[in-house]
Amino acid sequence: MKICSLVAKKGGVGKSAIATNIAVCAAVDGYSVAIIDLDPQASACVWADVRDADSEVPTIPVTSIAPSRLHSALDKCSSAGIDLTVIDTAPSADSGLLAAAKAGDICLLPSKPGLADLSALSDTVELLKNSKAKGATILNMVATKALKLEGTKALEGLGFPVVPLSIWQRVAWGHAYSGGWGVIEYDSSGKAAHEMKQLWTWLKKQLEM
Ligand SMILES: Nc1ncnc2c1ncn2[C@@H]1O[C@H](COP(=O)(O)OP(=O)(O)OP(=O)(O)O)[C@@H](O)[C@H]1O
Ligand SMILES: [Mg+2]
């Protein structure tokens, strides 16, 4: 079983959106996938509750647990034959972030391209470096080419791997989340879907899936 953790101390940068979308890409690709939600806000659980009402999309089990139960939850996923577990975390440098960072075969650290978001990200990068976690930063909610260039340069300056693609700010993300879908299910030929498929292809390669 492979594990992908979404971590960032900053709130609202797309952890839950990317976590649920990775899970959808994996499920649509034929993998058995689960999400573990370590965030007390339980955003991924809320998304799954909406999703469960739609019988036409693959079911993705989402479990909300306290960080102290992460290892036993991962053992259960592994015993159940899950191919990929995605861990969503809370926006704080708490035990959940560290546990998810250590458990992840790969950790994705999303950031918006603004100065406040990028400077907050450097704290999370330091935490990951100190815990010897494997991961990469990824620019999310890019609105202009200038912000993309500026943001990518800032990420590269952190001395930590950077995912070689960015995700642009697109309305499909909000619509998909509200419907309990991934962007590839909401509009499979849209630009958001195209970017998400690129991220999934890159991630699969990193995880050797
Ligand atoms: N690329 C995108 N384009 C447009 N909207 C996006 C994009 N990514 C995420 N969003 C939206 O931004 C908001 C915040 O995203 P999300 O809830 O995933 O962030 P988060 O990091 O999990 O926040 P928190 O730390 O509070 O859990 C959501 O409404 C989500 O739908
Ligand atoms: Mg979240």
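Every read-out reported here was derived from the displayed coordinates using simple, explicitly stated rules and does not represent laboratory data. All values derive from a computational prediction rather than experimental measurement. Cβ sites come from the backbone with ideal geometry, for glycine too, and all protein chains shown count toward neighbours.
Results, tabulated for the structure shown:
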{"quantity": "Qualifying positions in the range 43-62 - touching a strand residue (DSSP E or B) at 6+ places or on another chain (Cβ under 6 Å), under 17 Å from Ala26 (Cα atoms) and surrounded by fewer than 21 Cβ atoms within 10 Å (Cβ to Cβ)", "calculated": "Pro61"}
{"quantity": "Condition broken by Gly30, with the remaining ones in (1) buried (at least 17 other Cβ atoms within 10 Å of the Cβ); (2) away from ligand 1 (no atom under 12 Å from the Cβ); (3) not in a strand (DSSP E or B) satisfied", "calculated": "(1)"}
{"quantity": "Enumeration of residues in the range 155-177 that are under 19 Å from Lys15 (Cβ atoms), more than 13 Å from ligand 1 (Cβ to nearest atom) and either touching a Gly at 6+ places or on another chain (Cβ under 8 Å) or not in a loop (DSSP other than H, G, I, E, B) (or both)", "calculated": "Leu155, Phe160, Pro161, Val162"}
{"quantity": "Residue pairs meeting the criteria (Cβ under 7 Å; at least 6 apart or on separate chains; first free of Cβ contacts under 8 Å to residues at least 24 places away in the same chain, in the range 36-47; second among the charged types (D, E, K, R))", "calculated": "Cys45/Asp37"}
{"quantity": "Answer residue from the range 6-25, given it is assigned to a loop (DSSP other than H, G, I, E, B) and crowded, with 24+ Cβ neighbours inside 10 Å and is nearest to ligand 1 (Cβ to nearest atom) among those", "calculated": "Val13"}
{"quantity": "Qualifying residue in the range 64-74 (condition: within 16 Å of ligand 1 (Cβ to nearest atom), within 16 Å of Leu109 (Cα to Cα) and within 16 Å of the chain's Cα centre (by Cα))", "calculated": "no"}
